[in-house]
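A.B. asks: Here's a structure for you.
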Amino acid sequence: MKPHQKLNAWVNSFKFVKTLYETTNTFPAEEKFGLTSQIRRAAVSVPVNIAEGSARKGKKEFIQFLYISLGSLTELDTLILLSCDLGFISSDKTTLLINEMDSIGKMIYGLIKKLEGEM
């Protein structure tokens, strides 16, 4: 198992990508290159940046990649709220997705604080 695969932030964000892929499968076909694509790219960015950052030599670099992951979560928040307002995602599903993003964000932020404390 690679080091990043042991991080709860990576494990949960990886699962979350799959959830968002399933969710966006129900979006209108005309959104394939719009919201669907943007949501998927932002979602994939979260675990990818955690993985890439963990492979870097220094903690400072890892922290930088973790902040990029947090930025992607913030982007997702906006995209999911917009999708709800447009009627592509139910309000109940939106609440679940936002709660999961908040949980992942807390894990990433906790990892940042841990790494900063080790510097």
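A.B. asks: So which residues in the range 20-40 are under 19 Å from GLY105 (Cβ atoms) and more than 11 Å from the chain's Cα centre (by Cα), if there are any at all?
C.D. replies: Taking the range 20-40 as the starting set, the residues that turn out to be under 19 Å from GLY105 (Cβ atoms) are 20, 23, 38-40.
Matches in the range 20-40: THR23, GLN38.
A.B. asks: Would you mind stating whether GLU116 is in a helix (DSSP H, G or I), without any contact (Cβ under 8 Å) to a residue 60 or more places away in the chain, in contact with a helix residue (DSSP H, G or I) (Cβ under 7 Å, 6 or more places away or on another chain) and more than 25 Å from SER37 (Cβ to Cβ)? Reasoning before the result, please.
C.D. replies: Values: in a helix (DSSP H, G or I): yes; without any contact (Cβ under 8 Å) to a residue 60 or more places away in the chain: yes; in contact with a helix residue (DSSP H, G or I) (Cβ under 7 Å, 6 or more places away or on another chain): yes; more than 25 Å from SER37 (Cβ to Cβ): yes.
So GLU116 passes the test.
A.B. asks: Right, next: If a residue must be in a helix (DSSP H, G or I), open to solvent by 50 Å² or more (accessible area, probe 1.4 Å) and without any contact (Cβ under 8 Å) to a residue 40 or more places away in the chain, how many such residues does the range 78-108 contain?
C.D. replies: Of the range 78-108, the ones in a helix (DSSP H, G or I) are 78-85, 91-108.
Then keep just the ones that are open to solvent by 50 Å² or more (accessible area, probe 1.4 Å); that gives 78, 81-82, 85, 91-93, 95-96, 99-100, 102, 106-107.
This time we only want the ones that are without any contact (Cβ under 8 Å) to a residue 40 or more places away in the chain, so: 78, 81, 85, 91-92, 95-96, 99, 102, 106.
Qualifying residue count for the region: 10.
A.B. asks: How many residues does the range 52-77 hold that are open to solvent by less than 80 Å² (accessible area, probe 1.4 Å) and polar (S, T, N, Q)?
C.D. replies: 3
A.B. asks: So which residues in the range 8-19 are open to solvent by less than 40 Å² (accessible area, probe 1.4 Å), under 21 Å from ARG56 (Cα atoms) and either outside any helix (DSSP H, G or I) or of a type in the set (A, V, I, L, M, F, W, C) (or both)?
C.D. replies: ALA9, TRP10
A.B. asks: On the given criteria, is SER37 assigned to a helix (DSSP H, G or I), open to solvent by less than 50 Å² (accessible area, probe 1.4 Å) and touching a helix residue (DSSP H, G or I) at 6+ places or on another chain (Cβ under 6 Å)?
C.D. replies: On the way: assigned to a helix (DSSP H, G or I): yes; open to solvent by less than 50 Å² (accessible area, probe 1.4 Å): yes; touching a helix residue (DSSP H, G or I) at 6+ places or on another chain (Cβ under 6 Å): no.
It is false that SER37 is assigned to a helix (DSSP H, G or I), open to solvent by less than 50 Å² (accessible area, probe 1.4 Å) and touching a helix residue (DSSP H, G or I) at 6+ places or on another chain (Cβ under 6 Å).
A.B. asks: Return yes when THR23 is assigned to a helix (DSSP H, G or I), open to solvent by 60 Å² or more (accessible area, probe 1.4 Å) and of a type outside the set (Gly, Ala, Ser) and no when it is not. Before you say what the answer is, go through the steps one by one.
C.D. replies: Numbers: assigned to a helix (DSSP H, G or I): yes; open to solvent by 60 Å² or more (accessible area, probe 1.4 Å): no; of a type outside the set (Gly, Ala, Ser): yes.
No.
A.B. asks: Let me ask you something else. Based on this model, can you work out whether ASN49 counts as closer than 19 Å to ASP77 by Cβ, touching a residue at least 60 places away in the same chain (Cβ under 8 Å) and open to solvent by less than 50 Å² (accessible area, probe 1.4 Å)? Steps first, please.
C.D. replies: Values: closer than 19 Å to ASP77 by Cβ: yes; touching a residue at least 60 places away in the same chain (Cβ under 8 Å): no; open to solvent by less than 50 Å² (accessible area, probe 1.4 Å): yes.
It is false that ASN49 is closer than 19 Å to ASP77 by Cβ, touching a residue at least 60 places away in the same chain (Cβ under 8 Å) and open to solvent by less than 50 Å² (accessible area, probe 1.4 Å).
A.B. asks: Can you tell me how many residues in the range 12-27 are in contact with a Phe, Trp or Tyr (Cβ under 7 Å, 6 or more places away or on another chain) and not hydrophobic (A, V, I, L, M, F, W, C)?
C.D. replies: Within the range 12-27, residues that are in contact with a Phe, Trp or Tyr (Cβ under 7 Å, 6 or more places away or on another chain) and not hydrophobic (A, V, I, L, M, F, W, C) number 0.
A.B. asks: With the requirement that a residue be within 15 Å of ALA42 (Cβ to Cβ) and of a type outside the set (Val, Ile, Thr), what does the range 89-99 give you?
C.D. replies: Our first condition is that a residue be within 15 Å of ALA42 (Cβ to Cβ); within the range 89-99, this holds for 89, 97-98.
LEU97, the sole residue that qualifies.
A.B. asks: Here is a further query. Pick from LEU111, LEU81, LEU86, LEU76: which is out of contact with any strand residue (DSSP E or B) (no Cβ under 9 Å at 6 or more places or on another chain), within 14 Å of THR19 (Cα to Cα) and not acidic (Asp, Glu)? Spell out the reasoning first.
C.D. replies: Details: LEU111 fails: within 14 Å of THR19 (Cα to Cα); LEU81 fails: within 14 Å of THR19 (Cα to Cα); LEU86 fails: within 14 Å of THR19 (Cα to Cα).
LEU76 is the lone residue from the list that is out of contact with any strand residue (DSSP E or B) (no Cβ under 9 Å at 6 or more places or on another chain), within 14 Å of THR19 (Cα to Cα) and not acidic (Asp, Glu).
The values are calculated or read from the model by the stated rules, or taken from the named source; none is laboratory data. For clarity, every value in this text was computed on a predicted model and none was experimentally measured. Cβ coordinates were reconstructed from backbone atoms using ideal geometry, including for glycine residues, and neighbour counts include every protein chain displayed. Ligands, DNA and RNA are excluded from the accessible area calculation, which covers all protein heavy atoms including side chains. Shrake-Rupley method; radii C 1.70, N 1.55, O 1.52, S 1.80 Å.
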